[in-house]
Amino acid sequence: MSNAKNLRRLAGWGRYPAIEAVELRSEQLERITAEATLCRGLGRSYGDSSLPAAAGSVVVNTTAADRLLAFDEQSGMLRGEAGLSVLALNQLLLRRGWFVPVSPGTQFVTLGGMVASDVHGKNHHVDGCFGEHVRSLKLRVADGRVLECSDEHQRELFRATIGGMGLTGHILEVEFPMRRIPSPWIWGESQRIDGLDAMVAGLKEAAQTWPMTVGWVDCLARGDGLGRGILMKGRWAQPGEAPPRQPALKRRFRVPCQFPHWALGWWSMKGFNLAYYWKHFRRTRSGIVHPDAFFYPLDALDDWNLIYGRRGFTQYQCVLPHADDNGPARRFLELFTLAGGMGFLCVIKDCGAEGKGMLSFPRPGISIAMDFPIHPEKTRKLVDRLNELVVAEGGRMYLTKDAFTRSEHFRAMEPRLDAFNAVRRKWDPQGKIRSAQSVRLLGDKP
Ligand SMILES: Cc1cc2nc3c(=O)[nH]c(=O)nc-3n(C[C@H](O)[C@H](O)[C@H](O)COP(=O)(O)OP(=O)(O)OC[C@H]3O[C@@H](n4cnc5c(N)ncnc54)[C@H](O)[C@@H]3O)c2cc1C
């Protein structure tokens, strides 16, 4: 299949691992998936889930199949091809009063990628993951058939595909209802928070009245300051409080080059974390916020992943069960710094109920996500230690961020794996559909 001429270097958003592979791209998604072993969208998953199982093989890029196939202006029901992006939907529909029911922290994601990772957003505590809203999928399964699946038809396959990281089939089309919004602006409130207990209490209290909440944590603070950060809450602004104009297109900046490795030391990260924390000098702020600044602050900087330099970076995200003393989250943050972890970005969120996706990530508890640069000797050991803690605490990590987890750790934190594997075997007995991640974690053949 491969042709040396067409080989290119593919990677996820963390730029590690990278693999030489052939990327097929066409508007005719149904045609090019006929023999495919994996699909990928905009490559915003951090690790190896969107990479083919072996170097030199073929992966289908869905982004040319981006048609909006149907939209009902009464009910909001939308059907789109798998390569349609949230960016395109926002450009078209936000000013007409519609927004996706769940959005991750970047709009550079495709519908197919949103289903495969069963993404969650700041509204998870009230609206669950994206998969909760999906009515129906058009899917090409391993034997070549194209099926429509939903909770009514092929329910098991439908639920394994939601959060199934592309391993049950190729998603061709997605149907879900868009959400009516009162204005395209956000009313937001943010609060500087002194430590972990106050952060978790603040998230839980805010969840009672605010539909969207999230916290940023200074991941290098220790002692009494452990878990300190900024708590952010938001809701769609009502027409009376929103500016009468549409939100202007935000100017985006570009990171011009890879940062050298020495720029990523403890001092630069400490400096960033301190500055970000104290930028919020006033304890509480509130007012109208641009939707892009609220939902997608990182999208303001194109190619921000270059900041982490030549070796790339990873993100570790886990969800830990609630505890009255916040012990699991405290031990996690302590371990991260003790084991030599450091990063610019650490996000905390209290998750709502577990979703219908068989391998969907969120479950009730505290989710913590942190970015860190890859270090050849240290990163694998750090992830091992984080995973050991997560297993011991009864939590789980998020596949769409992962590049380092060992299969034994994944199995230990994922009691739903046998049921998922059984659905995969039923629909794909030869193991045709697979990825670099499924080779690493599920023992698929390369
Ligand atoms: C800045 C940033 C912020 C983020 N914030 C969040 C967040 O708040 N919440 C959250 O949940 N995630 C978040 N993510 C992760 C991101 O939402 C997911 O990784 C998402 O799946 C990326 O979509 P994509 O189109 O880029 O898919 P890709 O990265 O290309 O692929 C991701 C997975 O989907 C599979 N896939 C893609 N298309 C198809 C298809 N048509 N058929 C079958 N399988 C397919 C791939 O095989 C792969 O397993 C964030 C990522 C970034 C970079």
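So here's what we get for this one:
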{"read-out": "Pick from the range 50-65, criterion near the ligand (Cβ under 9 Å from one of its atoms) and among the small types (Gly, Ala, Ser), ranking: farthest from Met370 (Cα to Cα)", "value": "Ala65"}
{"read-out": "Top-ranked residue in the range 300-333 [being at pLDDT 95 or above and among the acidic types (Asp, Glu); ranked as surrounded by the most Cβ atoms within 10 Å (Cβ to Cβ)]", "value": "Asp325"}
{"read-out": "Candidates Lys233, Lys204, Lys250, filtered to the one that is assigned to a loop (DSSP other than H, G, I, E, B) and under 24 Å from the mean Cα position of the chain (by Cα)", "value": "Lys250"}
{"read-out": "Scope the range 123-157; condition farther than 30 Å from Gln430 by Cα and crowded, with 23+ Cβ neighbours inside 10 Å; matching residues", "value": "His124, His125, Gly128, Cys129"}
{"read-out": "Considering residues of the range 17-49 that are outside any strand (DSSP E or B), in contact (Cβ under 8 Å) with a residue 40 or more places away in the chain and within 17 Å of Val141 (Cα to Cα) only, the residue farthest from the ligand (Cβ to nearest atom)", "value": "Ala34"}
{"read-out": "Test set (1) away from the ligand (no atom under 14 Å from the Cβ); (2) of a type outside the set (Lys, Arg); (3) surrounded by 17 or more Cβ atoms within 10 Å (Cβ to Cβ) - Asp418 fails condition number", "value": "(3)"}
{"read-out": "Filter result (in a loop (DSSP other than H, G, I, E, B) and either of a type outside the set (D, E, K, R) or within 16 Å of Tyr16 (Cα to Cα) (or both)) within the range 407-422", "value": "Pro415"}
{"read-out": "Subset of the range 106-163 (residues that are in a loop (DSSP other than H, G, I, E, B) and near the ligand (Cβ under 8 Å from one of its atoms))", "value": "Thr106, Phe108, Val109, Asp118, Val119, His120, Gly121, Lys122, Cys129"}
{"read-out": "Hits in the range 71-83 - residues which are within 27 Å of Arg25 (Cβ to Cβ) and free of Cβ contacts under 8 Å to residues at least 60 places away in the same chain", "value": "Gly83"}
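The values are calculated or read from the model by the stated rules, or taken from the named source; none is laboratory data. Just so we're clear, the structure is a prediction, and the values are computed from it rather than from any experiment. Cβ coordinates were reconstructed from backbone atoms using ideal geometry, including for glycine residues, and neighbour counts include every protein chain displayed.
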